[in-house]
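The values are calculated or read from the model by the stated rules, or taken from the named source; none is laboratory data. Bear in mind that the values here come from a model prediction, so they are computed numbers and not experimental data. Quick reminder, even Gly has a Cβ in these numbers, built from the backbone with ideal geometry, and neighbours come from all protein chains shown. We work out accessible area using only protein heavy atoms, side chains counted, and drop any ligands, DNA or RNA first. Shrake-Rupley method; radii C 1.70, N 1.55, O 1.52, S 1.80 Å.
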Amino acid sequence: AQKVTQAQTEISVVEKEDVTLDCVYETRDTTYYLFWYKQPPSGELVFLIRRNSFDEQNEISGRYSWNFQKSTSSFNFTITASQVVDSAVYFCALSEADQAGTALIFGKGTTLSVSS
Amino acid sequence: GAGVSQSPRYKVAKRGQDVALRCDPISGHVSLFWYQQALGQGPEFLTYFQNEAQLDKSGLPSDRFFAERPEGSVSTLKIQRTQQEDSAVYLCASTPSGAGRTQYFGPGTRLLVL
């Protein structure tokens, strides 16, 4: 069965601190996709990144970076030099890519609060 | 271009009322998903359309829920005889065809059943 676990329910940091959000997934498929979404207070889920299971290269986009490790089934997300605008709920999600129309399996989310 | 839009953004219903939630996907997107997000939880899958065909409705919690997408574009999620446990945010997402594609979400409809 597929499952996504985000063990950190809430994290509070002060501006400019680095913060890492953990994501552990379970799947029996060899082909799958992993995603991170941001949900600010407005409620809309904002897409951040998509990785496929065959690409384990880490990725950096500005202050954001992602560490994908198949050996530990983890796909962690780091925000460097956090800002107040980073405050949101962050979701990790899994999609098995064997066919179109496969729904995303979400974790329960991590609420990040960044104070000034 | 325009993203996914949903209406209404907020809906208050009395228990027993019927409600209809609308989703306008990104133009040209073949696939459309509905999710339900309870307070403090991640979104959970309800149903999936490819064009006008509803190919998966395994996530619909009861026969009071049904969805349609008659012309392969706009979709409506209808909840009959609403119950308090139906209170949640209902999210719509669309994506181009193909496996593993990124789903783009609308702002959601927050439903409160009193």
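Specify which of the listed residues (A:SER65, A:SER61, A:SER12, A:SER71) is more than 14 Å from chain B (Cβ to nearest Cβ) and touching a Phe, Trp or Tyr at 6+ places or on another chain (Cβ under 9 Å).
Only one candidate qualifies: A:SER65.
Which of the residues that make up region B:73-114 are over 13 Å from A:GLY101 (Cα atoms), more than 10 Å from chain A (Cβ to nearest Cβ) and surrounded by 23 or more Cβ atoms within 10 Å (Cβ to Cβ)? Don't jump to the end; show me each part of the working.
First pass over region B:73-114, keeping only residues over 13 Å from A:GLY101 (Cα atoms): B:73-92, B:104-114.
From the residues that got through so far, the ones that are more than 10 Å from chain A (Cβ to nearest Cβ) too are B:73-88, B:90, B:92, B:111-114.
Passing the criteria: B:SER75, B:LEU77, B:ILE79, B:TYR90, B:CYS92.
Every residue in region A:36-57 that is within 13 Å of the chain's Cα centre (by Cα) and either of a type in the set (S, T, N, Q) or more than 14 Å from every other protein chain (Cβ to nearest Cβ) (or both), please.
A:GLN39
Looking only at residues that are acidic (Asp, Glu) and part of a strand (DSSP E or B) in region A:9-27, which one is most open to solvent (accessible area, probe 1.4 Å)?
Per the stated criteria, the residue is A:GLU10.
Would you check which residues across region B:26-49 are outside any strand (DSSP E or B) and either hydroxyl-bearing (Ser, Thr, Tyr) or away from chain A (no Cβ under 14 Å) (or both) and list them? Show your work before the answer.
The first filter runs over region B:26-49 and keeps only residues outside any strand (DSSP E or B), leaving B:26-30, B:38-43.
If the condition is that a residue be outside any strand (DSSP E or B) and either hydroxyl-bearing (Ser, Thr, Tyr) or away from chain A (no Cβ under 14 Å) (or both), then B:SER27, B:GLY28 are the ones that fit.
Which residues, counting only those in region B:8-47, are surrounded by 14 or more Cβ atoms within 10 Å (Cβ to Cβ) and among the polar types (S, T, N, Q)?
B:GLN17, B:SER31, B:GLN36, B:GLN37, B:GLN41, B:THR47
Here's the yes/no breakdown for (1) closer than 16 Å to A:VAL19 by Cβ; (2) assigned to a loop (DSSP other than H, G, I, E, B):
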position	(1), (2)
A:PHE75	yes, no
A:THR78	yes, no
A:SER82	yes, yes
A:CYS92	yes, no
A:SER95	no, no
A:THR102	no, yes
A:LYS108	no, yes
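For (1) assigned to a loop (DSSP other than H, G, I, E, B); (2) in contact with a Lys or Arg (Cβ under 7 Å, 6 or more places away or on another chain), each residue gets a yes or a no:
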{"site": "A:ALA7", "(1), (2)": "yes, no"}
{"site": "A:ASP29", "(1), (2)": "yes, no"}
{"site": "A:LEU34", "(1), (2)": "no, yes"}
{"site": "A:TYR37", "(1), (2)": "no, no"}
{"site": "A:SER42", "(1), (2)": "yes, no"}
{"site": "A:PHE47", "(1), (2)": "no, no"}
{"site": "A:PHE54", "(1), (2)": "yes, no"}
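Pick from region A:70-94 the residues that are more than 13 Å from the chain's Cα centre (by Cα) and not aliphatic (A, V, I, L, M): which of them is surrounded by the fewest Cβ atoms within 10 Å (Cβ to Cβ)?
Keep residues of region A:70-94 that are more than 13 Å from the chain's Cα centre (by Cα), which gives A:70-72, A:80-87.
Of the ones still in play, those that are also not aliphatic (A, V, I, L, M) are A:70-72, A:80, A:82-83, A:86-87.
Values: A:LYS70: 12, A:SER71: 6, A:THR72: 10, A:THR80: 14, A:SER82: 22, A:GLN83: 12, A:ASP86: 19, A:SER87: 17.
Among them, the one singled out is A:SER71.
What are the pairs, 6+ residues apart or on separate chains, where a residue within region A:27-51 that is hydrophobic (A, V, I, L, M, F, W, C) has its Cβ under 6 Å from a residue that is assigned to a loop (DSSP other than H, G, I, E, B)?
Note: pairs meeting the criteria are A:PHE47/B:THR102.
Could you check, for region A:91-114, whether at least one of its residues is closer than 30 Å to B:TRP34 by Cβ and in contact with a helix residue (DSSP H, G or I) (Cβ under 8 Å, 6 or more places away or on another chain)?
yes
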